[in-house]
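One structure is given below, encoded as structure tokens.
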Amino acid sequence: MKGQVIASLKAVESIIQTGALPVNVKWFIEGEEEIGSAHLGEFIKKNAKLLEADFCVNPDAGMINADSPTITYGLRGLAYFEVRVFGPDRDLHSGLFGGTVHNPAQALAELIAGMHDKKGRITLPGFYDKVRKAGKAERADIARLPTTPKHFLKQTGVPALWGEPDYSPEERVSIRPTLEVNGLLSGFTGEGSKTVLPAWAMAKISCRLVPDQDPDKIYKSLIQYMKKNAPKTIKWDVKNLHSAGTAITERDSVGVRAMAKGLEQVWGKRPLFKREGGSIGVVVELQKYAGVDSVLTGFGLPEDNAHSPNEKLHLPTWKKGIDAFINMFFSVE
């Protein structure tokens with residue numbers, strides 16, 4: 001992300017060193033995106049007038065591959081929870097109490113396993129009630145993307161893909177909601193052996209949401225699931241840690257048209273259009289509180305290891321991105 005911010009800075013620097021900017025530009029840079037943009041909403045509310053704009057260019061997305069310039073027009077939302085299951089008031093000797101005291105780690109594992117059915121559908125009550133269906137035209141556009149099952153296998157290293165059989169892998173990561181376990185903790189996890197029956201178990205669970213799902217309703221749905229399925233042998237608690245709304249930008253907007261022209265002038269081809277599976281708080285907050293739509297693009301590649309060790313940017317693609325931003329500024333109608 002920092003590299004892509006620099007790409008936009010270098011584009012403006014190049015223009016003003018050789019002439020004049022054809023548009024007015026405002027910079028808005030935050031440093032809390034990876035921790036949920038906790039203070040962003042209030043800032044935008046208080047400064048909505050200052051942040052007025054025809055559109056926002058946000059370079060926090062990426063490309064499908066180095067030869068496929070890409071514009072992201074939709075983002076999934078997020079609901080993030082911590083689920084804790086409690087059993088005995090302390091860790092117990094598994095030889096003395098195993099088989100007669102319900103193990104919280106086992107109870108939590110069973111609850112988590114029940115959150116999906118055999119076809120990968122989420123079983124929380126009412127989870128899909130507000131899911132906006134993608135039309136035939138949009139699904140046809142998604143089918144034209146070069147993200148085949150082989151693409152996902154190569155990028156992830158998994159032996160086989162998983163998910164709802166009625167949707168392609170690209171649809172599962174963009175237009176469909178998900179429920180994922182992000183982390184598990186319980187009992188003894190050190191080197192060697194220690195035969196404990198743990199007093200508690202914890203899981204971090206996130207749901208990626210699509211229009212028109214409401215994070216608060218998903219929280220209530222998880223509570224309903226726990227009330228219905230948690231055994232009487234344990235106690236439990238669910239914390240609602242973080243949420244973010246969904247965002248959709250019209251593909252025929254001024255900003256999208258300008259960015260599409262800028263990318264086409266550099267790559268020599270029209271960009272691909274896709275929805276992104278992730279969540280970006282500023283896109284939602286700008287749309288909600290300042291009425292500003294965002295044009296999401298970027299020049300990171302799937303093999304750049306985002307959020308992983310050795311995260312990087314492919315410099316030839318990054319430099320072409322600077323040129324694309326320059327052309328975008330001169331393409332605003």
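Values quoted throughout were computed directly from the atomic coordinates according to the rules given, and no laboratory measurement underlies them. Owing to the predicted nature of the structure, the values given are computational and were not obtained by experimental measurement. We place every Cβ from the backbone using ideal geometry, glycine too, and count neighbours over all the protein chains shown.
Can you give the angle from 0 to 90° between the axis of helix 254-267 and the longest principal axis of the chain, with both taken from C-alpha atoms, to the nearest 10?
80
For the stretch 9-16, what does the Karplus curve 6.51 cos²θ - 1.76 cosθ + 1.60, with θ = phi - 60°, yield as ³J(HN,Hα) per residue in whole Hz, taken in order and with x for Gly and Pro?
Once θ is set to phi - 60°, the couplings for the stretch 9-16 become 5, 5, 5, 5, 4, 4, 5, 6 Hz.
How do the peptides 142-153, 84-95 rank, highest first, by the average count of neighbouring beta carbon atoms within 10 Å per residue?
Values: 142-153: 14.4, 84-95: 16.0.
The most tightly packed comes first, giving 84-95, 142-153.
Counting other beta carbons within 10 Å of each residue's own, what order do Ile16, Ile326 fall into, fewest first?
Ile16, Ile326
Given the -39500 (n - 2.57) contribution per DSSP H run of 4+ residues, what per-residue ellipticity at 222 nm results for the chain, rounded to the nearest 500 deg cm²/dmol?
My calculation for the chain gives -9500 deg cm²/dmol from helical runs alone.
Beyond 17 Å, how much of the Cα-Cα pair distribution for the stretch 99-150 remains, as a whole percent?
Across the stretch 99-150, Cα pairs with separations above 17 Å total 65 percent.
Could you work out how far helix 315-329 tilts from the main Cα principal axis of the chain, as a 0 to 90 degree angle to the nearest 10?
Approximately 60 degrees, to the nearest 10.
Provide the packing ranking of 60-67, 162-169, 31-38, i.e. peptides ordered by the mean count of other C-beta atoms within 10 Å per residue, highest first.
The densest-packed peptide leads the list: 60-67, 162-169, 31-38.
So what's the convex hull volume per residue for the Cα atoms of the chain, in Å³?
162
Using only the Cα atoms, work out Rg/Rh for the stretch 213-252, with Rh taken as the Kirkwood radius, to two decimals.
My calculation of the ratio gives 1.22.
Thinking of the stretch 218-279 as a set of Cα atoms, what percent of all their pairs are more than 14 Å apart? Walk me through the intermediate numbers first.
On the way: 1371 of 1891 pairs.
So the pairs more than 14 Å apart make up 73 percent of the total in the stretch 218-279.
Search the structure for amide H atoms under 5 Å from the amide H of Thr70, placed 1.01 Å from N in the peptide plane, and list their residues when 5 or more places away or on another chain.
Amide H to amide H, under 5 Å and 5 or more residues apart or across chains, Thr70 pairs with Leu272, Gly298.
What order do you get for Thr18, Thr123, Thr70 when you list them from fewest to most C-beta neighbours inside 10 Å?
Fewest-to-most ranking of Thr18, Thr123, Thr70: Thr18, Thr123, Thr70.
Nearest 5 is fine: what % of DSSP beta bridges in the chain come out antiparallel, could you say?
80
Cα centroids of the stretch 282-306 and the stretch 20-88: how far apart, whole angstrom?
Their Cα centres are 5 Å away from one another.
Long-range amide H contacts for Val57: which residues qualify at under 5 Å (H placed 1.01 Å from N, peptide plane, sequence gap of 5 or more or a different chain)?
Val295
Work out from phi, with θ = phi - 60° and the Karplus expression 6.51 cos²θ - 1.76 cosθ + 1.60, the ³J(HN,Hα) of each residue of the stretch 98-111, listed in order in whole Hz, and give x for Gly and Pro.
Computed from phi, the couplings for the stretch 98-111 are x, x, 10, 10, 5, 6, x, 5, 5, 4, 5, 4, 5, 5 Hz.
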